[in-house]
1. For each pair in LYS59/LYS104; LYS282/LYS312; LYS319/LYS408; LYS330/LYS386; LYS129/LYS229, compute the distance between the two Cα atoms and list the pairs where it is over 26 Å.
2. So how do PHE114, PHE311 rank on accessible area, 1.4 Å probe, biggest first, that is with the largest at the start?
3. Using each residue's phi in region 299-316, evaluate 6.51 cos²θ - 1.76 cosθ + 1.60 at θ = phi - 60° and report the 3J(HN,Hα) Karplus result to the nearest Hz, with x for Gly and Pro.
4. So for the pair GLU94, TYR291, with labels modelled 7 Å out along Cα→Cβ, what separation do we get in nm?
5. Could you state how much accessible area THR181 has, in square angstrom rounded to the nearest 10, with a 1.4 Å probe and all protein chains kept in place?
6. Just to verify a number: what accessible area does TYR409 come out at with the full protein assembly present, 1.4 Å probe, Å² rounded to tens?
7. What does the net charge come to around ARG322 if you take all other residues with beta carbon closer than 12 Å to its beta carbon, with K and R at +1 and D and E at -1?
8. Can you send over the solvent-accessible area of ARG379, 1.4 Å probe, protein chains only, in Å² to the nearest 10?
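The values are calculated or read from the model by the stated rules, or taken from the named source; none is laboratory data. Keep in mind the model is a prediction, meaning the values are calculated, not measured. Every residue, glycine as well, gets a Cβ built from its backbone with ideal geometry; the counts of neighbours run over all protein chains shown. Side chains are part of the model used for accessible areas, which takes the heavy atoms of the whole protein and leaves out ligands, DNA and RNA. Shrake-Rupley method; radii C 1.70, N 1.55, O 1.52, S 1.80 Å.
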Amino acid sequence: MLSRSSFTSLVVGVFAVYVAHTCWVMYGIVYTRPCPAATDGAAGTAGECVWPYLARRPKLQLSVYTTTRSSIGAESNIDLVLSVEDFDIESKFERTVNVSVPKKTRNNGTLYAFVFLHHAGILPWHDGKQVHIVSPLTTYMVPKPEEINLLTGESATQQIEAEKQTNALDEPVSHWRSRLTLNVMVEDFVFDGSSLPADVHRYMKMVQLGKTVHYLPILFIDQLSNRVKDLMVINRSTTELPLTVSYDKISLGKLRFWIHMQDAVYSLQQFGFSEKDADEVKGIFVDTNLYFLALTFFVAAFHLLFDFLAFKNDISFWKKKRSMIGMSTKAVLWRCFSTVVIFLFLLDEQTSLLVLIPAGVGAVIELWKVKKALKMTIRWQGLRPKFQFGAYNDSEKKTEEYDAQAMKYLSYLLYPLCIGGAGYSLLNVKYKSWYSWLINSFVNGVYAFGFLFMLPQLFVNYKMKSVAHLPWKAFTYKAFNTFIDDIFAFIITMPTSHRLACFRDDVVFLVYLYQRW
């Protein structure tokens, strides 16, 4: 069997290979090899090249139509909502238009946008060299539950009774996507016909002009810019809705990168991620500078490595733990309680799975630690569990005395603050349900005063003049991850209280490091 050091070295080695492979894949996406004949002038192989049609500088027109059908064969049953004559592919623009909403769409149906790029002065379906792309302007989501004052029953917004009954069904309803972001690849890039990139190939339309093959303008709809915050519920009384159409040119490297990111988000939804979960991933790409995004990828990789190493060392430490000398049982119990409460809070807030899954795994680990700390054994008598607790020796009892002494002083401050905060929020803040208020009250206490429950362990360390009993390897990896979490606090959408707690943990680890020093 591998020793612990050998196993750790193996994990780090695999991680290094993974990072190197990721860098190579990203380079392959951003860099595309041009056709050799276009650079060295080899006439014999020029026929293998695919040339850009835009190099001919044709006069183009951009037209946007809407229809309830996912495919059209003629100009019937479609509405023209935007036409840009003398379309300049180099100039960005943004225009807001009002779109007529058909009755079928108002009755929880779908509306599609057909975007055509064609020669100026010619209707799209009469132009043999037109390119078009289709995108739904609607999506289905469960409306956000209405929040009320639990004591008075007053709503946060005044809504008619019919809408309340509809929302109570928790059924997905049609939402309007108020943004349509268009891109055209403007580089006069000459592709090698024998090795066309698969990602761009599906967006390309080829035409034969003389002896050479040309690809028509590559039109692309940026689906990553469709955010949940921009969605609008479509009511049955709505006849018109605003649509902001924006355009900007795009390079070949960014186009290929964006295609891969859209495919990744689509794959997440196929694996069961909701629209809101996918939106959190979109926010990482859309709301972040590309250079900062590259840094985030590397930071996330190191976060994953440190998470694994911290998990491995923490489990190994507690698995071998036979004595609670120098360890605060109250701190272990509190960490378990706070971790479970935070998980339930994130679940109630419908937080991204990127945050929710690690919190759930952490809660399970903390429950196992409590079992070890209390020396608990579970025996089943039929279907009924029976709990047995082991006895503490004299040294462990001394630790418990220091632990109880620290908790006694903390209780004078902590309990009144938590009860007062819960009462204040009940009177002044609106919630979806009593359960939501209870979880929010617990979690506010955890976030605001949770670090105080680390004080018993600090007090035990001070009294025993030793920190040798703590899992320092796991603490070190967790400290690295804590500082990495500070970066993610600005990138991933999460409740403000959870974001502030990331910075609060920095202080706790610094105090532990000071005690070790």
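1. Listed pairs above 26 Å: LYS59/LYS104; LYS282/LYS312; LYS319/LYS408; LYS129/LYS229.
2. Listed by decreasing accessible area, they come as PHE311, PHE114.
3. 4, 5, 5, 5, 4, 5, 5, 5, 4, 5, 5, 5, 4, 4, 6, 5, 5, 4
4. Roughly 2.3 nm, to one decimal.
5. Spelled out: THR181, probe radius 1.4 Å, area about 20 Å².
6. 130 Å²
7. Neighbour charge sum, excluding ARG322 itself: +4.
8. 140 Å²
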